[in-house]
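Coordinate-derived values only; no laboratory data. This is a predicted model, so every value here is computed, not measured. So basically every Cβ, Gly included, is an ideal-geometry build from the backbone, and we count neighbours across all protein chains shown.
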């Protein structure tokens, strides 16, 4: 059960879990000129993003619904480059390069919808597996090669720049382990280098990007500031989601926490980049497809229950978000606004639950991107317009 519960993890936790470094052996590079090395790449008939069903049932507080059809934009003026979180159930410390159901599901949940505003690129990579995570947590670590995961993503990025970018603006998107790898890529290959001029934004969900206390630049990134408006280019968005009534415990070190004196985890609220609170335009898994991670099936969505046929549900007016700093953590607080006597549910799933108990230190990590998806799409759309105008 634990393996199934941890399917969307790991970013910061990889910094703390005991693992054994892989032996110093030569590992063959992936060929990212081969379309089979990508989950999403424009123009492929078998593309994971291209065949993803993103249709949504918009569910109002009174229980009435409308269907929102999804339409990708094949002529989008910008690109998105995505690195997915820890999902591999492969044996051993690092994943294979096979496209498996776990990778398809997480792309459906976290990235395919971005095809409405950008051309989607998502490389396969030999990530550190859930198998390695569980082994480390149980005190029996296995060999892992974190450098292999990073080098794969770097090779994919280099291939994308060489063959596909052609001067286009690009948004970098990651979650958990994907954010960890992307943050390193930005620090090593983009920050302060000429290619930085093509970066519209860096979206690091479920991660603790460090900035000096009270500042929006410095720390992990030396010249990439935090985003403050939708038209701002070359900036970073970072957040970790928690229920407003269940903040991170004071001693939790995974998300929203500082990694050293004078530093704090950044929190950029996708609903209100300039500060304050705002409504979340969430796209939540409806329960018509297997859950990715926590084993808690969403729904029923209405009272009395009625069937939902689309893979996603939108719940306008139910959720809002604001950044909060409680002295030990800087995090995105998610507030539920119930409708008394309404026909729509007033609850959401998304907590990490083991043996019936939510792990408060993880918050709503499983649905970081689902919660903010519509808001992030609006930001990326505005960034594309600003880049084209520039």
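Computed packing ranks the peptides 359-365, 201-207, 212-218 as 201-207, 359-365, 212-218, most packed first, by mean other Cβ atoms within 10 Å.
Using a simple spin-label model with pseudo-atoms 7 Å out from Cα toward Cβ, residue 296 and residue 28 lie 4.4 nm apart.
With the chain treated as a Gaussian network of Cα nodes joined by springs under 10 Å, which of 269, 94, 151 yields the largest mean-square fluctuation? Among 269, 94, 151, the largest GNM mean-square fluctuation belongs to 151.
Calculation over all alpha carbon pairs of the range 91-162 in 10 angstrom steps from 0 returns a P(r) of 18, 40, 32, 9, 1 percent.
By how many nm would the segment from residue 303 to residue 69 lengthen if fully extended, with 0.36 nm per residue of separation less the alpha-carbon distance? Mind showing how you got there, number by number?
Values: separation 234, 0.36 × 234 = 84.24 nm, distance 2.43 nm.
So the chain would gain 81.8 nm between residue 303 and residue 69.
Among 97, 373, which comes first, then next, by fewest other beta-carbon atoms within 10 Å? Walk me through the numbers before you get to the answer.
Working: 97 14, 373 25.
The order, fewest Cβ neighbours first, is 97, 373.
When only alpha carbons of the range 147-303 are considered, Rg and Dmax amount to 17.4, 55 Å.
The distance from the alpha carbon centre of the range 212-230 to that of the range 50-109 is 29 Å, rounded to a whole number. What the Cα convex hull of the chain gives, in volume per residue, is 138 Å³. Take each peptide in 48-59, 167-178, count the other Cβ atoms within 10 Å of every residue, and average; sorted highest first, the result is 167-178, 48-59. Spin-label model, residue 98 to residue 147: label points 7 Å out along the Cα-to-beta-carbon direction sit 2.8 nm apart.
Between residue 354 and residue 116, what length comes free when the chain is fully extended (0.36 nm per residue of separation minus the Cα-Cα distance, one decimal in nm)? Could the numbers behind the result be given before it?
Values: separation 238, 0.36 × 238 = 85.68 nm, distance 3.55 nm.
Difference between extended and current length: 82.1 nm.
Using the 10 angstrom Cβ neighbour count as an exposure proxy, how do 329, 303, 140 rank, fewest first? Walk me through the numbers on the way to the answer.
Working: 329 26, 303 13, 140 10.
Final ranking by Cβ density, sparse to dense: 140, 303, 329.
From Cα pairs below 8 angstrom and at least 6 apart in sequence, can you work out the relative contact order of the chain, rounded to a whole percent? Result for the chain is 20 percent.
For residue 277 and residue 195, the difference between the fully extended length at 0.36 nm per residue and the C-alpha to C-alpha distance is 26.2 nm. Within the range 2-389, DSSP assigns beta bridges of which about 50% are antiparallel (rounded to the nearest 5).
Averaging over every viewing direction, what projected area does the convex hull of the Cα atoms of the range 308-390 cover, in nm²?
Numbers: hull surface 35.9 nm².
Averaged projected hull area, Cα only: 9.0 nm².
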